[in-house]
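Rule-based calculations on the coordinates, nothing more; no lab input. Nothing here was measured: the structure is a model prediction, and the numbers come from that model. Positions of Cβ are generated from backbone atoms using ideal geometry, with glycine treated the same way; all protein chains shown enter the neighbour counts.
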Amino acid sequence: MTLRSRKLIFPSALARREAISFYILILPWLIGFLVFLAYPMLRSLYLSFTTYDLLSPPVWTGLRNYERILNDADFWQSIRVTLLFALGSVPGGTIIALALAMVLSQKLAGVNIWRTIFFIPSILSSIAVAILWLYIFRPEGGLLNLALGLFGIKGPNWLLDENWALPALIIMSWWSVGGQIVIYLAGLKGIPESLYEAAEIDGANNVAKFRFVTLPMLSPTIFFNVILAIIGALQVFDVGWVLTRGGPNNATLFYMLNLYERAFQMAQMGYASALAWILFLIIMVITLLVIRSSAVWVYYESEAH
Amino acid sequence: MDTAVRPTTLRSRAATNWQTVRTSKTWQRGLRHASSYIVLALGAAFMLFPMLWMVSASLKPSWQIFTDPPIWIPQHWETVRVGNTNRMLSLWHVDVEGETKTVMEIGVRRYTTVLDATGLQNILTVPTAELGDAVTTTIGEVTLNVRPWTTNGETRQVVALARGENDTLIVVDVNDLQAAALRMPLDQVNGGDRAALEIGGIEFRGRAVETADGVRQIIPIGPESQLSVVSAPDVAAAALLVTVENLSDAGFASIGQTELPQFNLAGQDGAHVILVQESWQPIINEADFDAAAIIAQREQLTDEQPVVVNGVAMQGATYTDGTPTQVAILIRGTQFSVVIPVDAADSLRLAQLGGLTSARGDQLNRIPFRVQDGFSAGDETVSVALVGEPREMALMVPTAAISDAFDVNPADLSRAMYPELRFDGFREALQTKVGDTYFPTFFRNSFILVLLNTIGHVLSCVVVAYAFARLRAPGKNFFFLLLLGTMMLPYPVTLVPVYEIFRDMGIVNTLWPLFLRSFFGNAFLIFMLRQFFTSIPRELEDAARIDGANIAQIIVKVIVPLSKPAIATVIIFTFWWTWNSFLEPFIFLSSPDLFPVSVGLNFFNDQYGTIFYDRLISASVMSMLPMILLFFFAQRYFIEGIQMTGIKG
């Protein structure tokens, strides 16, 4: 109605002027998109089929980079490490964040203080956090092993032990789930009290209320954050660089560490571009799988109507 | 009256409480609360302890950081200055007959366990195979290596004295030994004459040692133990720092209840006792070195002889280049040497070699020398050049100055400490050279980038978001979807070509690549602003439009003033991302003087992470402070912004 009447009031010359204004105003973003996103993506796709060291022009080598990658043990190790890291950090982080958000959503004393305490680690720079945990993971006198010692457990030499370095990085990733806590807390607040009351009338206990009210109502938020967390986990670089440099014996060779070394230490830009595109595809596939699976576990209110 | 009423009130209240608790609802709630608090406590421990540990560690000296058990409250370990040197010795507390004394360690004394040959009886010869492993056991004052001996199903505790024939050991039962065993200073044992002793037909290699009770025949059996010799700390005041070449052995001094080796000092009367002996290295501030050092050809140096500069013995010479100058030779090369005029060597001094272990190599006209960065001297942290030869030095006190000294088991010494926050880690971190620069430079760079990125993001995002929020145009939906699509694009795909672009523009290793793109908007911030703008009533703009305002005026005069919270969020997120960004500056920059805090901190860690724990942690804390302050001032925007990124249906 209003749209129609507006069209009548504004002659088409005005509409054209508005359209021109629109394109002028979005020009900064559009240029940025073309120059720093669209072109680099195409360029990187092209480079992935070449041998290129940044100094001499790229030489077309077809699928050779991809072939080499698929036959490279480091690549498969980095895939394994990165997926294991995602498998540890994402579900663990989600459960921790959910549990703490659920607790904080109850009427406890000092919710704001708790929220602040949990949130602060997640805003700190990954480098400073990594340095802190470098010391926490120290086998002698490190906080973690001292804590384990209280229970009579002799902790491993976390970062220098092939079997424990990756678990160490996963544990560390759980420390920065504060952002998720804040998000889930907001999501929980958005669940209408009436649903809980209705469930209570139906005789639901706490477990049932969580299972049949909280979880379905929160599932879109969980879904979205799990996707973001997976994408983030697959692109981890900073902590790996500071804490282990991929070691010991490639036990923490994250995908991005491998890519960084190829691109900026060995100047194999073609090879690195192919790696980047493979990562892009992996992220797309995993995201699509999660979206596909969401039909089973994500509840959208619109479905109910 | 009061007393009469109170009991009833209490009783009735207690009764109602009890009734409430008994209803299952409340039980359930109580249980839920309890489990809530358990989850909360676990979560808080996990989140909080690393933070507390870090804050505490940043206020401690290095040695306190990795103690077991952890020292949570930073402590100051009391020390005493030794003579007129800058060497400090630690003080200890020890309990002596119920009284706590503050002492300093002035030496160690080694002891061994010996057997008095006259008290020895019941010597047995036992096949080695029947003996178990030795366990060091302390009985009374005496330490013994006790082994279990199992024979005929019976186990006895024995001590081995010597090796017998045919793979046997000569042993004595612990119970038979106790009367004969005693602790004796190792030097006293070794000072006795060797003596072959025959006991029960077995020959032992023993010693004849002179003691206060006359000569005793003993058999040393070990193990050796070490005791600290301590004395009152005021002894330190009389100390001198001397080179060990000036010392000559003067036997043992009997002081208090103990003995210490003493030495004669050339040119000094009376014997002296060594407090500490260690290597010292002449050093000079790098600034003085750079300013005043001269490269001298061999021919220009004549009349070489030792010279003492600021109390430091150096090799000196006369340097002739025009007027002859008295110089000290800092680094000797084959053809060229680095020298410094004696009157320009104000900062030449001695430092313990132990504090110079992370020195890096440097060169002056291809003459190699070493520089220690971050050398802490008093209230100053400087880079120092290591010059001349290291020398073995001893801190000595006249034996006569020690009035009372006694032996203490090292395990009974506890550090003399009191709680004190130490801010030196922060000062030293700021004064420590990182690459060619210092930590404040990293802060400056980060703040510059924050400022430029903020300007870029606010300018570009407001304009673009306004277009998406208000203006109608064909293709708008397509571009909006495109914008949303780019939000989740993995950055590695564009990393290499973006590097290429900046290289072709000639701006790699400048700050440009790190802020240029913010002037072209950011998908997330545009989206957030657009959502906010959409919620502003159109009528407010219409009024301005009727007054003849154009789009630029509407944005500046209507939209921006109404969008302060949204723009604040843009600024805060830009600050956050810029401050913490690591990979891009890491890739685009190679000169340390351009590094932002994140990369600088990583660099600091690479250089000093295994040496200056306290400074690295202090530097980390400093790097976090701006973010933490920002959070406390703008908590609301953080939380709301975060919620926007995470809640989508």
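Observations, loosely collected:
- Distance between the pseudo-spin-label points of A:Asn163 and B:Ala377 (7 Å out from Cα toward the beta carbon): 5.1 nm.
- With R₀ fixed at 51 Å, the C-beta to C-beta distance from B:Val135 to B:Asn246 puts the FRET efficiency at about 0.65.
- Membrane-span-like helices in chain B, defined purely by DSSP H runs whose alpha carbon atoms cover 20 Å or more axially and whose average Kyte-Doolittle hydropathy reaches 1.0, are B:439-470, B:613-633.
- At an R0 of 45 angstrom, the distance between the Cβ atoms of B:Thr67 and B:Gln335 translates into a FRET efficiency of 0.30.
- Euclidean distance of C-alpha centroids, segment B:301-369 and segment B:113-148, integer Å: 59
- Set B:Lys60/B:Lys433; B:Lys60/B:Lys101; A:Lys107/A:Lys154; B:Lys476/B:Lys564; B:Lys476/B:Lys557 screened for pairs whose C-alpha atoms are more than 29 Å apart: A:Lys107/A:Lys154
- Helical segments meeting 30 Å axial Cα length and Kyte-Doolittle 1.0 threshold in chain A (DSSP H): A:73-105, A:269-297
- For segment B:240-292 versus segment A:61-93, the gap between their alpha-carbon centres in whole angstrom: 61
- Length-normalised contact order of segment A:67-304 in % [C-alpha pairs under 8 Å, at least 6 apart]: 28
- Euclidean distance of C-alpha centroids, segment B:472-495 and segment B:183-203, integer Å: 91
- Label-to-label distance, nm, for residues given as A:Gln265 and B:Leu430 (7 Å Cα→Cβ offset): 3.5
- Inter-chain shielding of B:472-480 (mean C-beta neighbours from other protein chains, 10 Å cut-off): 4
- Within the straight-line cut-off of under 14 Å between alpha carbons, the aspartates and glutamates reachable from A:Lys189 are B:Glu640, sequence neighbours fewer than 8 places apart in one chain being disregarded.
- Modelled label positions at B:Thr320 and B:Asn264, each set 7 Å beyond Cα in the direction of Cβ, lie 4.3 nm from each other.
- Kirkwood Rh (inverse of mean 1/r, distinct Cα pairs), segment B:434-588, angstrom: 17.4
- Per-residue ellipticity at 222 nm from helix content only, as computed over the protein assembly as shown with -39500 (n - 2.57) for each DSSP H run of at least four residues, stands at -14500 deg cm²/dmol.
- The Rg/Rh ratio of segment A:160-305, with Rg taken over Cα atoms and Rh as the Kirkwood radius over Cα pairs, comes to 1.12.
- Taking every C-alpha pair closer than 8 Å and separated by at least 6 residues, the mean separation divided by the residue count of segment A:112-248 gives a relative contact order of 32 percent.
- The residues packed around B:Ile546, meaning those with a beta-carbon under 14 Å from its beta-carbon, carry a net charge of -1 if Lys and Arg are +1 and Asp and Glu are -1.
- Measuring r between the beta carbons of A:Glu18 and A:Ala73 and using R0 = 41 Å, the FRET efficiency lands at 0.10.
- Highest-fluctuation residue, A:Ser293, A:Ser219, A:Ser173 considered, GNM on chain A with Cα pairs under 10 Å: A:Ser293
- Taking a ≥ b ≥ c as the square roots of the Cα gyration tensor eigenvalues, chain B comes out oblate, since a/c reaches at least 1.5 and a/b does not exceed b/c.
- Shape of chain A, Cα gyration tensor, a/c cut at 1.5: oblate
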